[in-house]
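Q: Next up is a structure, given as structure tokens.
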Amino acid sequence: MIKKYRNCRPLGPLAALCACLSLAAGVSANTAKLSLVDPNFIYVAERERFVEARKALAAGSMETFDSLYNSLDGYPLQPYLAHENLLRDWSVNRPNADDIDELSQFAKSVGQTHLTRKLTRKLQKRFADTEQWKLFLDLSDFRQAASLSCTTTRAKYELGQLKVFDQASLDLWLQPKKQPQICAEVLTVLEATSTLSVIDIWEKIYQAMAADKPEFAKPLLNYLATADRKKVAQWMASIDDPKAYLLSGELAADNVLNRRIIADLVVKWSKEDTTAAMNHWLSIRDDYVFYADRYYDTNRAISMRSAYRRMPEAHQWLYTFDAKPADLELQEWRIRTALRAEDWPAVRSGISELPVIEQQEDHWAYWEARALQQLGEPARAQVIYQELAELQSYHGFLSADRLKLDYSIYDDPFVVDRVLLDEIAAEPELIRAREFHFANLTGESRREWNSWIRNKSENELAAGAVLASHWSLYDRAIFTAGKTEQKRAISVRFPVLYRPEVAKASAKNRIEPAWIFGVMRRESAYIRDIKSGAGAVGLMQLMPNTAKYVAKLQGDKNWKGDLTNASTNIDFGAYYLRHVMDKFDDHQVLATASYNAGPHRIDQWLDSNIQDADIWIDTIPFTETRRYVRAVMAYAAIYEYHLTGQASRLSTKLRPIPASPDV
């Protein structure tokens, strides 16, 4: 039976189990005439002067900047101008001890904010750039200073405070990577002047070999005894072809070094030939007394690789050793490999072995119901489906499909207290977030808002979500609402933005607007200028190379546009959705997965047989892609409800997954 729910409704069979948000003497987020000042009619002149001041500073017109700055006394963003002025000054001029005093005064005036942190780290960098090592170390004691262990090592060395390795510099030396030039030469000198322990030498060798970077271990060979030197040299030479050394018989003796080499090389071998590596490992692992963790990690690494590669043997191999109780990922992959094989007794058994709190998650509850149904217990399965169908989620919608019930999608708006709402609207961080937003400094806006969110109560978060929506900070409204227990406030959590652009892209590319909205909501949560760590940009998170590819397909070979432009981003994103839809024969599940992980990976994830789409989705090797496909399919249903008042059944879009054409 399911005991954990992510969504709830005010009435019905789950009412006793749900903790729906209900604030007395409140006001609906959708219908209230909020007692708040419209941001379009406050600080209008100040915002204009703020923008002009930034332009003057960028142009070096300091007289104009000073005049504008002084006219903004009391404006919430005036400290930001002071911060930008200091950044500019320290970039252009050589800083000195007086600048530490300037920083201290700024911190005293503004507090320990991210602006103080940014200034502190800028000044650290400038002291390092100008080789003012004492001032650099003096500044390192500041609360907002970065650790900068490499630069600190250089500073201590230059000031005569470091003659041999201390622990911080030794930790740097142990790392199997090329250190920045600022400390690389110092580490070389310290290595020559320090007495390295045997433990340190072996630790660096082990770290280098674990990282597949033998070049960092090779200089240490001369520290080793002759026999060890020969063996480590062979280990290094075998990284690209581990099979020969593993089968040579030279590692037969059961000693610490041989065990380390075997565990390392057998995992490396599994990258090229997982089956051969696993068979070899299983045949020799009991001939050695491995440390418990190394034994476990080696078993795990190879068997999990087989699971990620969707190998038929994976389920068997995952059971060739005992799972640690805390290793939830391994336990879950045992279930997923059973799902791929449609081994329903193993699915049910695997779920029963999960921690109780995990069994109660809606995805495992769904698969328990599916297993019960396949094992001839439809009545028990139906009870679970019935309860899941109350949820506004991917597995909730699939459960409703199995019972032919309407989806449990409806808007249950936040109800917030007027007094609390006014109090929240007066919070300095939120005022700054609002002003940054309207000054087109959206990154600063998000940073201020996120800082405010920390440790807020449910009621405060609900009020914050309503306020953000009222102020048109829609991405912060989504983010804040997601922190609450109220998952039904779909007008706040799933706003319909950029409707004209989506309608145009939908018609042009012959795809459902709800799907575009679902992708956009999952990809960026409507942060127009967002850039991911991988380099994806904008509302639909397009990689620049993908955008150039799309532009070329559309006839523009020299496109150099702006992906933070909403119209361009939606147009290109929708075009690429159509492109992957065409590649996968209008299969929306495969196209959605392809949009996230790339078409080449989808080809790798197809099995030798046709597979049910729900099984395929929940056994996608990449956690991010697995969650992504589920979220986009569910979000598209919610947006379709938003747009038309009725959501199509997911089951009509979850066509069977075709077999790989390469098998």
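Q: Is there any pair linking a residue in the range 129-154 that is closer than 23 Å to Leu174 by Cα to one that is crowded, with 18+ Cβ neighbours inside 10 Å and β-branched (Val, Ile, Thr), with Cβ under 9 Å and at least six apart or on different chains, and which?
A: Once the first residue is closer than 23 Å to Leu174 by Cα and sits in the range 129-154, its partners that are crowded, with 18+ Cβ neighbours inside 10 Å and β-branched (Val, Ile, Thr) give Ala146/Thr120; Cys150/Val186; Thr153/Val186; Arg154/Val186.
Q: Sticking with this one: Would you pick out the residues in the range 602-651 that are buried (at least 17 other Cβ atoms within 10 Å of the Cβ) and acidic (Asp, Glu)?
A: Asp607, Asp614, Asp618, Glu640 - these are the residues of the range 602-651 that are buried (at least 17 other Cβ atoms within 10 Å of the Cβ) and acidic (Asp, Glu).
Q: Can you run down the residue pairs with Cβ atoms below 7 Å, 6 or more apart or on separate chains, where the first is in the range 301-321 and at positive phi and the partner is surrounded by 15 or more Cβ atoms within 10 Å (Cβ to Cβ) and in a helix (DSSP H, G or I)?
A: Partner pairs satisfying both residue conditions: Arg310/Arg340; Arg310/Trp605.
Q: Another one. If you scan the range 476-521, which residues turn out to be β-branched (Val, Ile, Thr) and either in contact with a Pro (Cβ under 8 Å, 6 or more places away or on another chain) or in a helix (DSSP H, G or I) (or both)? Can you show your working first?
A: Applying the first criterion (β-branched (Val, Ile, Thr)) to the range 476-521 yields 478, 480, 484, 490, 492, 496, 502, 511, 516, 519.
Of everything in the range 476-521, those that are β-branched (Val, Ile, Thr) and either in contact with a Pro (Cβ under 8 Å, 6 or more places away or on another chain) or in a helix (DSSP H, G or I) (or both) turn out to be Ile478, Thr480, Ile490, Val492, Val502, Ile516, Val519.
Q: In addition: Regarding the range 536-558, can at least one residue be identified that is in contact with a Leu (Cβ under 7 Å, 6 or more places away or on another chain), part of a strand (DSSP E or B) and not assigned by TED's automatic domain parsing to the domain that holds Trp344?
A: Yes - at least one qualifying residue is present in the range 536-558.
Q: Mind checking which residues of the range 525-566 are of a type in the set (D, E, K, R), over 16 Å from the mean Cα position of the chain (by Cα) and over 19 Å from Val502 (Cβ atoms)? Explain how you work it out, then say what you get.
A: Going residue by residue through the range 525-566, those that are of a type in the set (D, E, K, R) are 528-529, 531, 548, 552, 556-557, 560, 562.
Cutting the leftovers down to over 16 Å from the mean Cα position of the chain (by Cα) gives us 528-529, 548, 552, 556-557, 560, 562.
Hits for the range 525-566 are Lys548, Lys552, Asp556, Lys557, Lys560.
Matching residues to (1) surrounded by fewer than 17 Cβ atoms within 10 Å (Cβ to Cβ); (2) modelled with pLDDT under 95; (3) over 22 Å from Ile617 (Cα atoms); (4) polar (S, T, N, Q):
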site	(1), (2), (3), (4)
Tyr288	no, no, yes, no
Tyr291	yes, no, yes, no
Arg300	no, no, yes, no
Pro325	yes, yes, yes, no
Leu328	yes, no, no, no
Asp362	no, no, no, no
Gly376	yes, no, yes, no
Val383	yes, no, yes, no
Leu391	no, no, no, no
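Q: So which residues in the range 318-337 are more than 24 Å from Asp603 (Cβ to Cβ) and assigned to a helix (DSSP H, G or I)? Break it down into steps so the answer makes sense when it comes.
A: Looking only at the range 318-337, we keep the residues that are more than 24 Å from Asp603 (Cβ to Cβ), and these are 318-332, 334-335.
Scanning the range 318-337 gives Leu328, Glu329, Leu330, Gln331, Glu332, Arg334, Ile335.
Q: Kindly indicate whether Tyr526 is in a loop (DSSP other than H, G, I, E, B) and either touching a Phe, Trp or Tyr at 6+ places or on another chain (Cβ under 6 Å) or more than 30 Å from Glu332 (Cβ to Cβ) (or both). Let's see the steps before the verdict.
A: Details: in a loop (DSSP other than H, G, I, E, B): yes; either touching a Phe, Trp or Tyr at 6+ places or on another chain (Cβ under 6 Å) or more than 30 Å from Glu332 (Cβ to Cβ) (or both): yes.
Yes.
Quick grid of which residues meet (1) under 29 Å from the mean Cα position of the chain (by Cα); (2) under 30 Å from Tyr639 (Cα atoms):
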site	(1), (2)
Arg348	no, no
Gln360	yes, yes
Leu405	no, yes
Ile409	yes, yes
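Q: From Asn85, Asn93, grab the single residue that is at pLDDT 95 or above and within 21 Å of Val51 (Cβ to Cβ). Quick ask: steps written out before the conclusion?
A: Numbers: Asn93 fails: within 21 Å of Val51 (Cβ to Cβ).
Asn85 is the lone residue from the list that is at pLDDT 95 or above and within 21 Å of Val51 (Cβ to Cβ).
Q: Looking only at residues in the range 633-663 that are of a type in the set (Val, Ile, Thr) and over 16 Å from Asp586 (Cα atoms), which one is modelled with the lowest pLDDT? Talk me through it step by step, then tell me what you get.
A: From the range 633-663, those of a type in the set (Val, Ile, Thr) are 638, 644, 652, 657, 663; that's our starting set.
If we keep only those that are over 16 Å from Asp586 (Cα atoms) too, we end up with 638, 644, 663.
Working: Ile638: 97, Thr644: 94, Val663: 60.
By that ranking, first place goes to Val663.
Q: Something else about it: Condition first: surrounded by 14 or more Cβ atoms within 10 Å (Cβ to Cβ) and in a helix (DSSP H, G or I). Now tell me which residues in the range 155-183 satisfy that.
A: Within the range 155-183, Ala155, Lys156, Tyr157, Glu158, Ala168, Ser169, Leu170, Leu172, Trp173, Leu174, Ile182, Cys183 meet the criteria.
Q: Separate question: Residues of the range 494-519 being more than 27 Å from the chain's Cα centre (by Cα) and free of Cβ contacts under 8 Å to residues at least 60 places away in the same chain, which ones?
A: Across the range 494-519, the qualifying residues are Arg499, Pro500, Ala503, Ala507.
The values are calculated or read from the model by the stated rules, or taken from the named source; none is laboratory data. Computed from a predicted structure; not experimentally measured. Neighbour counts are summed over all protein chains in view; Cβ atoms, including those assigned to glycine, are modelled from backbone coordinates with ideal geometry.
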